[in-house]
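Accompanying notes for the structure given below.
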Amino acid sequence: MSNDAPPRSRKTLWLVAAVCIAPFIASFTAYYFYKPEGRVNYGQLMDAKQLPRTPMTLTDGKPFSLQQLEGKWLFVMVDDAACDAYCEKKLWQIRQIRKTQGKYPERIERVWLVTGQGEPAQRLRSEFDGTWLVRAGGSKVLDALPFEAAVTDHIFLVDPLGNLVLRYPREADPSRIRKDIERLLKVSRIG
């Protein structure tokens, strides 16, 4: 009986040592050999800069400032008042993405920076009711939006503090934009 005791206790000792050391080996291996892609967001991450708080006007002539919408996430798009098919597609996408946020749609606002002369068609104003129609002509906000080919190609996401956060490309996938905003709403304590 005494001959069996030492091997069993060594076996137990080795088992306890293996259980204690295994997490360190696994974390070392994961850190050095299985590097993640590095990002999960779909939109292009922008250098966090606050958009100018300059006074602007709505298309109906009332005064407006982005500061009025602080505390909300903003989808911002830029397009001519004439609004071509791609403009309508962006309006539809950001409206639908907002609607799919379950109990959180009130945390998101939509802003259309209207360029050019004239008014957006009444049909668009009715169909996309709730979108802030803001005159962008000569606005410092318009100048602060980074773009590639054309500023009208993108949808921008602004955080509740007024910082530009993400930029989505032309013909962006709305389901991937929705996933980005869902993640942000889940972790954000503001807005």
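Side notes on the structure shown:
- The chain: Cys lacking any partner C-beta under 4.7 angstrom: C20
- 5 Å-binned pair-distance histogram of segment 40-123 (Cα, whole percent): 3, 11, 19, 23, 24, 15, 5, 1, 0
- About its Cα centre, the dipole of the chain is roughly 900 debye, where the only charges are +1 on Lys and Arg Cβ and -1 on Asp and Glu Cβ.
- Using equal-weight Cα scatterers in the Debye expression, the normalised intensity of the chain in log10 at q = 0.15, 0.16 Å⁻¹ is -0.89, -0.99.
- Inter-centroid distance (Cα atoms) of segment 153-173 relative to segment 64-88, Å: 11 Å
- Partners for K179 among lysines (Cα-Cα distance below 16 Å; same-chain residues under 8 apart left out): K99, K103
- Of all DSSP beta bridges confined to the chain, the antiparallel ones make up roughly 55%.
- Isotropic mean projected area of the C-alpha convex hull, segment 94-152 (nm²): 5.2 nm²
- In the chain, helices alone account for a calculated mean residue ellipticity at 222 nm of -11500 deg cm²/dmol, with every DSSP H run of four or more residues adding -39,500 (n - 2.57).
- On Cα atoms only, tilt of 174-187 relative to the major axis of the chain in degrees: 70 degrees
Read-outs: derived from the displayed coordinates by stated rules, not from any lab. Because the structure is a prediction, the values reported are computed rather than measured. Don't worry about glycine lacking a Cβ; one is built from the backbone with ideal geometry, like all the others, and counts go over all protein chains shown.
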